[in-house]
């Protein structure tokens, strides 16, 4: 069992400005708090979720997928969705994230891919795409590389650097060797080798050996959407947040939902207003605020923080807050094999292929992606995924459940998705949440280029499965309107030009000198499918620059 | 909460969706208890689908088998004929999904009694596995497939 979260050792007064309020305790907020406290600053960290005790961690598929036990609530936090701005948005859950200390890393799978240099400058290398707002990042891979390494060593990432062609430069190998290879990992490798594609051990934020006093992975199989009962997953709840709390410079307040970032007549942030766990309003004064609430909630809070001085929402003189919502594309095919795969044992992902990280230019696609083979979701959802072409009830159905559970896997392609200005997060004009705040409204439709690219990846996946020896294959449909999404990116993009971006290259809001936004919302492009390591590396880098600026008196 | 009559009828339906044959089925796993719990908690909003569907089932039984007391009292082949006719209804799909969920969720929710459901498909109730996990990652088979062991 992992250790329970340490208690806050400090209590900061609300009416005296604390050095920093950090909103969110996930890979971004947790890291910013850990880094700022290490550099001597005081931090109040606000988290809308609660801390889950070690005794609460169980293999509860109902809690993970049906009752929102540790995710955002479709009842108290309703959302709306529409495909285009011309429509009235309908109520439905669309954006998902973990609502717990540790943010979404509380229940993530732990795929910790680095970006490559091309992810930062694909626009200038390959050109634009009609209807998309592709742009270069204001930073390069080389600027972020030291922070990738710092994160990997700070939290414990398992993998092997330079194990396949095309790897970006690693200044240091991973601190831990790869996790155990699983059946899906062997089959992915086998398929790749028959096709002449490269593959490599998956870099995972899960410990393969004891590290910093934490237990290694025990191969229980419940990673995706589950908290880790061994504390082996290197989420912020097991790494960054406890370290921040042990610094004696951080107070964590859980079940606190911020409704407004307050500003004064000079256009500077003075603090935040939040509802505490008893739904009482509290004002916390701060010298500066770092917003790390995720790619959906951060822009929502900025839009809710409008004032006479900032009538279109805080930090939104560009009109870009909430725009360019991206999720990462996917193409899935389920397949059955002759022998026991048993992908429900061991880490969800053990081997990946980045052979198609960039696609042949003759295909006409910008972007690209990567593959893993995995078991994916547990027993209920796996049983329910038996293809409709097969018996759906009765003895024949029952007889198919064990082979389907033990012999099948999912080929999962993770890809780029284009930034499109009309794909957005905004405030619903009518629907309110349980606190009386405007509901999150998503407007989203896949770009036609991406629809074609996802289908291309699905055909590559079938090729790979065939080479690996799959007996039967079933494609998951690819839709213009995704059903549900968890990678929340691009909605407060960074850039050098205040007219076209929300934050500068150091995550400082162009419009507000003492406000920083650090999370998936900062992304200019989506990356190839696994954003969390980049979110966390950006957070380490941002904290470094924020601390330097604060020390110089430039905040 | 289900009435005794609704409970018996639903239990009979779940027992045709995942029957008891050479291995235990939905009846032994107590799936209907899961449904009873779910309808009073996290799927309370779906209550009408179940009560309306059960009311319709009662009419279907009366029309097809005048004099029969209930769906549960029909023979299995008779039950299967009725279920086949309603396969594409929202009610049947709701019961089918609830049967799967009750079969494979944690026993604390009422079903999957003694982990009968997990035993059926090969999901062990443990928190630790050691490799090899299956056939493909066994070192001998890795050697045969890849010419090396990863």
> Between Rg and the Kirkwood Rh of segment B:4-123, both from Cα atoms, what is the Rg to Rh ratio?
Replying inline: 0.96
>> 7 Å from Cα along Cα→Cβ at both residue A:167 and residue A:499: what's the point-to-point distance in nm?
In response: 4.4 nm
>> Please compute the volume of the convex hull spanned by the alpha-carbon atoms of segment A:146-269 and report it per residue in Å³.
In response: 197 Å³
>> If packing is taken as the average number of other Cβ atoms within 10 Å across a peptide's residues, how do A:60-68, A:480-488 rank, most packed first?
In response: A:60-68, A:480-488
> Going by alpha carbons, how many degrees (0 to 90, nearest 10) lie between the helix axis of A:395-407 and the longest principal axis of chain A?
Replying inline: 70 degrees
> In what order do B:99, A:466, A:442, A:84 fall by count of nearby beta-carbon atoms within 10 Å, going from fewest to most?
Replying inline: A:84, A:466, A:442, B:99
>> Taking each residue in A:391-403, count the Cβ atoms of any other chain within 10 Å of its Cβ, then average. What number comes out?
In response: 6
> Order of A:269-279, B:71-81 by packing, highest average Cβ count within 10 Å first?
Replying inline: A:269-279, B:71-81
> Over segment A:218-319, how many percent of alpha carbon pairs lie in each 5 Å bin up to the one with the longest distance?
Replying inline: 2, 10, 16, 18, 17, 13, 11, 7, 4, 2, 1, 0
> Using mean Cβ contacts within 10 Å as the protection proxy, how do A:513-521, B:32-40 order, highest first?
Replying inline: A:513-521, B:32-40
> In segment A:60-90, which residues have a backbone nitrogen under 17 Å from the label point lying 7 Å from residue A:432's Cα in the Cα-to-Cβ direction?
Replying inline: A:75-80
> What FRET efficiency comes out for the pair residue B:1/residue A:388, r = Cβ-Cβ distance, R0 = 35 Å, nearest 0.05?
Replying inline: 0.60
> Given N residues in chain A, what is Rg(Cα) / (2.2 N^0.38 Å)?
Replying inline: 0.92
> So what is the relative contact order for chain A, in percent, with contacts set as C-alpha pairs under 8 Å and at least six apart?
Replying inline: 23 percent
>> Given contacts defined as C-alpha pairs under 8 Å and at least six residues apart, what's the relative contact order of segment A:290-350, whole-number percent?
In response: 20 percent
> To the nearest 0.05, how large is the calculated FRET efficiency for residue B:41 and residue A:84 if R₀ is 41 Å and r is the Cβ-Cβ distance?
Replying inline: 0.65
> Say each of residue A:363 and residue A:451 gets a label point 7 Å from the Cα, pointing the same way as Cα to Cβ; how far apart are those two points in nm?
Replying inline: 1.9 nm
> At residue A:476 and residue A:212, where each label point lies 7 Å from the Cα along Cα→Cβ, what is the point-to-point distance in nanometres?
Replying inline: 3.1 nm
> Rounded to the nearest 5, what is the percent of antiparallel bridges among the DSSP beta bridges in the protein assembly as shown?
Replying inline: 65 percent
> Across the residues of A:379-389, average count of Cβ atoms on other protein chains within 10 Å?
Replying inline: 4
> Over all residues in B:84-93, what is the mean tally of Cβ atoms on other chains that come within 10 Å of each residue's Cβ?
Replying inline: 1
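Throughout, read-outs are computed from the coordinates displayed, never taken from laboratory work. Remember, predicted model here, so these are calculated numbers, not experimental data. Note that we place each Cβ from the backbone using ideal geometry, even for glycine, and neighbour counts take in every protein chain shown.
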